[in-house]
Structure formats: C-alpha cells, structure tokens
Amino acid sequence: MCLAIPVRIEEILDQETAIADIGGVRKEINVALITDLAVGDYVIMHVGYALNKIDPQEAEKTLALFAELDQLSQQQAIEASQ
C-alpha cells in the first residue's frame, strides 16, 4: 500500500529539491512539481516527490491523526504482549 503524507518544507535547496521535516526526520525531496514554494509550506509527499501544497491547518490535523493512530497501535501491541 502506498501513502502520501503531509510534510513541512524546512529549506529550499534549488528549483527541484528541498529539505522536508517528516515526523522529525529531515529528508531531501523533489519539489519540481510545486510553484511558489516557501519555507514553512506544507506539501503532500509521495515516494519522495512533493505533489501539491496543502493548507497548514489540514496538514496539522492529519499529522495529529497519524500520531494518535501510532499511539493506539503501540498501546494495542503492549496489551497483546501481556
């Protein structure tokens, strides 16, 4: 299964590449498909490519849901091991 996720642009390297924050990890991604990109923008990233910019509030909501899902998954794993 493939998943596109919201990431925050931390640094723009050139017209085609930028550094994105992916859950606390900084990774170089391809941003050639995005126009008017600025540091602080959120984009949807899929397999290392930024597909489009998204609203910061929606990005934060999505990231919060991913974090909640991770916590629930960890809790289930702990309960299953007991």
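Residues in segment 1-8: is at least one of a type outside the set (Lys, Arg) and at pLDDT 95 or above?
Yes, because at least one residue in segment 1-8 is of a type outside the set (Lys, Arg) and at pLDDT 95 or above.
Somewhere in segment 63-81, is a residue among the β-branched types (Val, Ile, Thr) and either modelled with pLDDT of 95 or more or within 15 Å of the chain's Cα centre (by Cα) (or both)?
no
Quick one: count up the residues across segment 16-29 that are open to solvent by 60 Å² or more (accessible area, probe 1.4 Å), at pLDDT 95 or above and out of contact with any Leu (no Cβ under 8 Å at 6 or more places or on another chain).
3
May I ask you to say which residue of Ile44, Ile78 is among the β-branched types (Val, Ile, Thr) and surrounded by 11 or more Cβ atoms within 10 Å (Cβ to Cβ)?
Being among the β-branched types (Val, Ile, Thr) and surrounded by 11 or more Cβ atoms within 10 Å (Cβ to Cβ) holds for just one of Ile44, Ile78, which is Ile44.
Scanning segment 41-82 for residues that are in contact with a strand residue (DSSP E or B) (Cβ under 7 Å, 6 or more places away or on another chain) and assigned to a helix (DSSP H, G or I), which turns out farthest from Cys2 (Cα to Cα)?
My answer is Pro56.
Could you please tell me which pairs satisfy a Cβ distance under 6 Å, a separation of 6+ or placement on different chains, a first residue in segment 39-56 that is of a type in the set (A, V, I, L, M), and a second residue that is surrounded by 13 or more Cβ atoms within 10 Å (Cβ to Cβ) and assigned to a loop (DSSP other than H, G, I, E, B)?
Ile44/Ala4; Ala50/Val31; Ala50/Ile34
Criterion first (modelled with pLDDT of 90 or more and either open to solvent by 80 Å² or more (accessible area, probe 1.4 Å) or in contact with a Leu (Cβ under 9 Å, 6 or more places away or on another chain) (or both)) does Ile54 satisfy it?
Considered against the rule, which asks whether it is modelled with pLDDT of 90 or more and either open to solvent by 80 Å² or more (accessible area, probe 1.4 Å) or in contact with a Leu (Cβ under 9 Å, 6 or more places away or on another chain) (or both), Ile54 comes out as no.
The values are calculated or read from the model by the stated rules, or taken from the named source; none is laboratory data. Not measured: the values here are computed from a predicted model. When we count neighbours, we look across all protein chains shown, and the Cβ atoms used for this are built from the backbone with ideal geometry, even at glycine. Protein only, heavy atoms only, side chains kept; ligands, DNA and RNA dropped before computing areas. Shrake-Rupley method; radii C 1.70, N 1.55, O 1.52, S 1.80 Å.
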